[in-house]
Amino acid sequence: MEKHITLPLTAELARTLHAGDTVYLTGTIYTSRDAGHKRMCEALARGEELPFDPTDATIYYVGPTPAKPGQVIGSAGPTTSGRMDAYAPTMMSVGARGMIGKGARLPEVVEAMKKYSGVYFGAIGGAGALLAKCIKKAELIAYEDLGAEALRKLYVEEMPLVVIIDSEGRNLYEEGRAAYLAGRK
Amino acid sequence: MREIEASRITEVVKRLCMEANEHLPEDVKCAIRDCRACEDGAIAQGVLDNIIENFEIADRENVPICQDTGMACVFLEIGQDVHITGGLLADAVNEGVRQGYAEGYLRKSVVKDPIRRGNTGDNTPAMIYTEIVAGEEIKITVGPKGFGSENMSMIRMFKPSAGLQGIKDFILEVVETAGPNPCPPMVVGVGIGGTFDKAALLAKKALMRPIDSENPDPYYADLEKEMLQKVNALGIGPQGFGGRTTAIGLNIETMPTHIAGMPCAVNINCHVTRHKTEVI
C-alpha cells in the first residue's frame, strides 16, 4: 500500500504501517551512523542528554558526501543498518521510533521494535543522488569532528521509503523473497 | 625508455576518482535496464526504476552516484620501459586521490587505524596495486570500493577434494549470507587459485572487468553463466525485497595454485560497480 506520512512518528502512526508498504515521508529526521551512535549511547550511559529530543524521532543511517556549492546536501543514501544494531534498542528505549537504512537487523532489534512500536524503513541503497533531492534542509547539530558521521537535522519531503520491518515484527526481506519464490513454482 | 612525470599520474588519478564516482560504466547501466525489463513484481520494478533515475541524475548533474564514494582502489599496469620522474609513484597516486576527493566533493571514508580509527580527512591512502608489463605506457584504473558490499565478501581455503561443487556451493553461500546488505542487485567477483592473498586480488580484479565480457576460458565462461543463473534463482531480488535480479553480473578470474590447495575468494560489489581506466 502507498502511504504519505508526516512526522513525528507517534506510536499510533507507527502501528498503521506494515511491512511492504511504500511510504513517502515528510518532516524532520536526524542523521547518525556508527561513531555518532556510539557517542550517543555513551552519553546516555553517563546520564547525559542527547543532542536532540529522541521522543518519536526518526533516525536516518547516512553519511552524506559534502554539499557542492548551491546544494543542500551531497549524495545521501542509506548505510548498512546492521552496524547500528548494538545501539538501536537503547535509542528506542529513550523514545526514538523510526529507523531508515538498508539491510538485515538482529532479532533483539526486532524485539525492541515490537516493545516500543518501532518501524524500520528501507531507503534504496546506492541511490544517494536521488535521495538527496528529497532533503530540503540540512543543519549540523553535533559531533562536527566526525565529518560525514556528524549528527545532522534534516527536513525531508516525500522521501521514498519501503517499510522493511513493522512494529509487529513482520519482515519484508522474508515475506518478499518467499512470495517471489512461491510465485516461480 | 619513456619518461612520464609523476604529476601526470596525479592529474589522471584525480580525474578518474571524480569520473568513476559520478558516471556508471555503460555495461552496468545496460544490465540494470535489462533486468528492469524482466522483473514483474511492483516493488522490484519500483526499486530498479529508482536506481536508474539515480544514475541518470548523477550523470546529468555530475554528483556522486552513491554517498559511499569508497576506498580508492588504484590498479597500475606499468610498462617496463617507463621511467617515472619528478616524484615517487605512491605519492603521485595518493596526491591524485587527495585532490580528486576534495575537488569532487566526494566523501572521505578512510580511517588511519583499523582499531583505533580516526578519519585521515582526505581519503588517502589509496589501495595501490602495481604490475610491471611490457611496453612504455601506464594503464591506470580507479575503482572506488564501497564497504556495504566489501563487508559481505569472504575467502576460504578449500581442499582440492572439494572440487567444482565446493566452489559453486561457496559462491551461493556468500551471496545468501550477504542477502540485502550489499545493496543488491550486486556484482559478484570470484577469484580461484593462487595463494590466500592472490585469490582475494583476483576476486577484486574480476569486479574491474566489464560484466558483459566473459572469461576467455570456455570452462569458466560457462561457469560464470551457470552461477549467475543460480545466484538469481535465490530470489533475494533488488534491495533484498524479493525478485528475479539478485545479481547483474558474475565474473571469475583464476590462476595456477598449489597441489595441496584450492583458494577461493568472493568479492561482492553493489549495483554501483564503478571503475574508470585511462592509458598514459
*Could you look through the stretch A:162-185, keep only residues that are basic (Lys, Arg) and assigned to a helix (DSSP H, G or I), and pick out the one that is farthest from the other protein chains (Cβ to nearest Cβ)?*
A:ARG184
*Residues of the stretch B:121-139 satisfying the condition of being at pLDDT 95 or above and either within 14 Å of another protein chain (Cβ to nearest Cβ) or in contact with a Ser or Thr (Cβ under 7 Å, 6 or more places away or on another chain) (or both)*: B:ASP122, B:ASN123, B:LYS139
*Scan the stretch B:96-108 and give yes if some residue there is at pLDDT below 95, small (Gly, Ala, Ser) and more than 20 Å from B:ARG209 (Cα to Cα), otherwise no.*
no
*Out of the stretch B:140-160, which residues are of a type in the set (D, E, K, R) and within 14 Å of another protein chain (Cβ to nearest Cβ)?*
B:LYS145, B:GLU150
_Residue within the stretch B:259-272 that is surrounded by fewer than 16 Cβ atoms within 10 Å (Cβ to Cβ) and not small (Gly, Ala, Ser) present_ = yes
*In the stretch B:236-258, the residues that are within 14 Å of chain A (Cβ to nearest Cβ) and either part of a loop (DSSP other than H, G, I, E, B) or surrounded by fewer than 19 Cβ atoms within 10 Å (Cβ to Cβ) (or both)*: B:ILE236, B:GLY237, B:PHE241, B:GLY242, B:GLY243, B:ARG244, B:THR245, B:THR246
*asked:* Name the single residue that is surrounded by the most Cβ atoms within 10 Å (Cβ to Cβ) among those in the stretch A:1-15 being of a type outside the set (Asp, Glu) and part of a strand (DSSP E or B).
replied: A:ILE5
*Conditions (1) closer than 24 Å to A:VAL72 by Cα; (2) more than 8 Å from chain B (Cβ to nearest Cβ); (3) among the aliphatic types (A, V, I, L, M): number failed by A:ALA148*: (2)
_Residue under question is B:ALA37, and the condition is that it be within 14 Å of chain A (Cβ to nearest Cβ), farther than 27 Å from B:CYS73 by Cβ, among the hydrophobic types (A, V, I, L, M, F, W, C) and surrounded by fewer than 23 Cβ atoms within 10 Å (Cβ to Cβ); does it hold?_
no
*Look through the stretch B:190-235, keep the residues that are acidic (Asp, Glu) and not in a helix (DSSP H, G or I), and return whichever of them is farthest from the chain's Cα centre (by Cα).*
B:ASP217
_strands (runs of 3 or more DSSP E) wholly inside the stretch A:50-138 containing at least 3 residues that are within 14 Å of another protein chain (Cβ to nearest Cβ), touching a strand residue (DSSP E or B) at 6+ places or on another chain (Cβ under 9 Å) and within 26 Å of A:ALA11 (Cα to Cα)_ = A:119-122
*So which residues in the stretch A:21-38 are modelled with pLDDT of 95 or more, surrounded by fewer than 20 Cβ atoms within 10 Å (Cβ to Cβ) and within 25 Å of A:ALA86 (Cα to Cα)?*
A:THR28, A:LYS38
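The values are calculated or read from the model by the stated rules, or taken from the named source; none is laboratory data. Computed from a predicted structure; not experimentally measured. Neighbour counts are summed over all protein chains in view; Cβ atoms, including those assigned to glycine, are modelled from backbone coordinates with ideal geometry.
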